[in-house]
Structure formats: structure tokens, C-alpha cells
Amino acid sequence: MTDQTDPPKSLRAAGAVDVKMLELLVCPLSYGPLTYDARTEELVSPRAKLAYPVRDGIPIMLVSEARHLADGE
């Protein structure tokens, strides 16, 4: 009898960013830390005031694809 257990549900499948990957990523412009905003599905760089989109669990780390954050955001 083989033990067939379901593999753990990956964060990518849920549309979120893997926590371990987030610890390794930095903003390509400021080289500062990023935080994940689950509401907007973006990686936010407070230092650069940019928000990088996350599409299907994959961060798009291109400055040209980033959204500029408004003051206070």
C-alpha cells in the first residue's frame, strides 16, 4: 500500500507570495526591503515609494511595471 498524501498547498497556488522568497527579495531600485500587501497583491517598497505587482504568485520586479505610491500610502 502506498502512502498518498496531498502535497502541501503552495502559496503560489493561492495567489500569495512565498514568505521565504519575500525574505530574499529587495527593491531593484532602492535595494530596500519589501512588504507584501495582500489586498492589492503587490510588493511594496516604502523607500522607493513603488508597488510591484504580483501576478499568479510571481512578483514582477521591474521598475517599469511598478506603480508609484501616493503620499501616505
Quiz item: What is the residue count in the stretch 24-58 for residues that are of a type outside the set (Asp, Glu) and not in a loop (DSSP other than H, G, I, E, B)?
Solution: 13
Quiz item: Out of Met21, Met61, which single residue is at pLDDT below 90 and either at negative phi or assigned to a helix (DSSP H, G or I) (or both)?
Solution: Met21
Practice problem: Give the residues of the stretch 24-48 that are in contact (Cβ under 8 Å) with a residue 24 or more places away in the chain and out of contact with any Ser or Thr (no Cβ under 8 Å at 6 or more places or on another chain), sorted by residue number. | Solution: Leu25, Pro28, Glu41, Glu42
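Please count how many residues of the stretch 41-50 are surrounded by fewer than 20 Cβ atoms within 10 Å (Cβ to Cβ) and either within 18 Å of Asp18 (Cβ to Cβ) or among the small types (Gly, Ala, Ser) (or both).
Count: 2.
The values are calculated or read from the model by the stated rules, or taken from the named source; none is laboratory data. As the structure is a prediction and not an experimental result, all values here were calculated from the model. Neighbour counts run over all protein chains shown; Cβ positions are idealised from the backbone, glycine included.
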